[in-house]
Amino acid sequence: MLPKIDLFGVRVTRATPEEMIRAARDAVRDKKSGLVLAAVNAHTYTEARRNPEIRRAVNEAFIAWPDGVPIVWAAKLAGRPLGPRIHGHDLMLRFLAEPFRHYFYGSTPEVLSDLRRRVDPARFAGMESPPFERKRRDSDLGRINDSGADILWVALGAPKQEVWALHHRDRIRVPIVACVGAAFEILAGRFTRAPRTMQRFGLEWAWRLGQDPARLWRRYLATNAAFATHIASGLIAAGRGN
């Protein structure tokens, strides 16, 4: 089990991509099942602080990696440094280079079709875009479990995907369940990554906002302010306790 740090109630894994890949290899080799990988960025962190179910989904994940630069900065300010920031898209690329079999669940049929072209056919175990308006059925899990996948990639939108993984992990027979949000769309070529300079200064959210403003502006406006408030209050409380 990779170590986690407690960032004011939300537990985030301290690990490098190489350590995460080794942990996944071990899980596949040992025929584990339902081990959840969750991305923690400012949005997920804020929702976890507000909602006990989401907090449980993140805190009980096998790996909850730092997907946002602000998470890394906040942990450093708190005196609990993490490993490097790991974007979900970068993590997918690293895992797709490994000899794993992959199943993709979520997003839209069009995105999945484009995404499939980026995956080695010998390592493609299946894909499914469940209709947004219905509940995910047990038959979805049956197809996933029968696929022979080593990794189930889930893109239902954060934090819905993390809660879905929490509720279904005991019935999923795939070793790794990785929740990666917008990584499907990026890998499929629907969106682009921010320039390296923006990534380094924690501004990838602004680049993403510029590509999808209608859907994201309310979320980012509310989330960024709430995240800063949560971290500031945690730092102040920690200072008083010293």
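Identify all residues within region 155-208 that are part of a loop (DSSP other than H, G, I, E, B), among the charged types (D, E, K, R) and surrounded by 16 or more Cβ atoms within 10 Å (Cβ to Cβ); write none if there are none.
Result: R173, R190.
Conditions first: (1) out of contact with any Lys or Arg (no Cβ under 8 Å at 6 or more places or on another chain); (2) small (G, A, S); (3) at pLDDT 95 or above. S107 passes all but one, so which condition is the exception?
(3)
Only one of V40, V36, V12 is touching a Leu at 6+ places or on another chain (Cβ under 8 Å) and either more than 25 Å from G148 (Cα to Cα) or at pLDDT below 95 (or both); which?
On the way: V40 fails: touching a Leu at 6+ places or on another chain (Cβ under 8 Å); V36 fails: either more than 25 Å from G148 (Cα to Cα) or at pLDDT below 95 (or both).
Exactly one of V40, V36, V12 is touching a Leu at 6+ places or on another chain (Cβ under 8 Å) and either more than 25 Å from G148 (Cα to Cα) or at pLDDT below 95 (or both), namely V12.
Consider R137 against the criteria (1) out of contact with any helix residue (DSSP H, G or I) (no Cβ under 8 Å at 6 or more places or on another chain); (2) farther than 20 Å from R55 by Cα; (3) modelled with pLDDT of 95 or more: it satisfies all of them except one. Which criterion is unmet?
(3)
Restricted to region 83-116, and to residues that are of a type in the set (G, A, S) and in a helix (DSSP H, G or I), which residue is farthest from P131 (Cα to Cα)?
If we take residues in region 83-116 being of a type in the set (G, A, S) and in a helix (DSSP H, G or I), then G88 is farthest from P131 (Cα to Cα).
Starting from region 99-125, take each residue that is touching a residue at least 60 places away in the same chain (Cβ under 8 Å) and surrounded by 17 or more Cβ atoms within 10 Å (Cβ to Cβ) and list its partners that are in a helix (DSSP H, G or I) and polar (S, T, N, Q), counting only C-beta distances under 7 angstrom and pairs at least six apart or across chains.
G106/Q161
Between residues in region 17-30 that are over 16 Å from K4 (Cβ atoms) and residues that are among the basic types (K, R), which pairs lie under 6 Å by C-beta distance while being six or more apart or on different chains?
P17/R94
Among the residues of region 212-242, write down those that are crowded, with 16+ Cβ neighbours inside 10 Å and at pLDDT 70 or above.
T223, N224, A226, F227, H230, I231, G234
Looking at A78, A97, A122 in this structure, which one is closer than 15 Å to R11 by Cα, out of contact with any His (no Cβ under 8 Å at 6 or more places or on another chain) and among the hydrophobic types (A, V, I, L, M, F, W, C)?
A78
Here's the yes/no breakdown for (1) under 21 Å from M92 (Cβ atoms); (2) surrounded by 23 or more Cβ atoms within 10 Å (Cβ to Cβ):
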{"site": "P3", "(1), (2)": "no, no"}
{"site": "V12", "(1), (2)": "yes, yes"}
{"site": "E18", "(1), (2)": "yes, no"}
{"site": "D30", "(1), (2)": "no, no"}
{"site": "E53", "(1), (2)": "no, no"}
{"site": "A61", "(1), (2)": "yes, yes"}
{"site": "V69", "(1), (2)": "yes, no"}
{"site": "A74", "(1), (2)": "no, yes"}
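The values are calculated or read from the model by the stated rules, or taken from the named source; none is laboratory data. It should be emphasised that the depicted structure is a prediction, and the values quoted were computed from it without experimental measurement. No Cβ is skipped: glycine too gets one built from the backbone with ideal geometry, and neighbour counts run over all protein chains shown.
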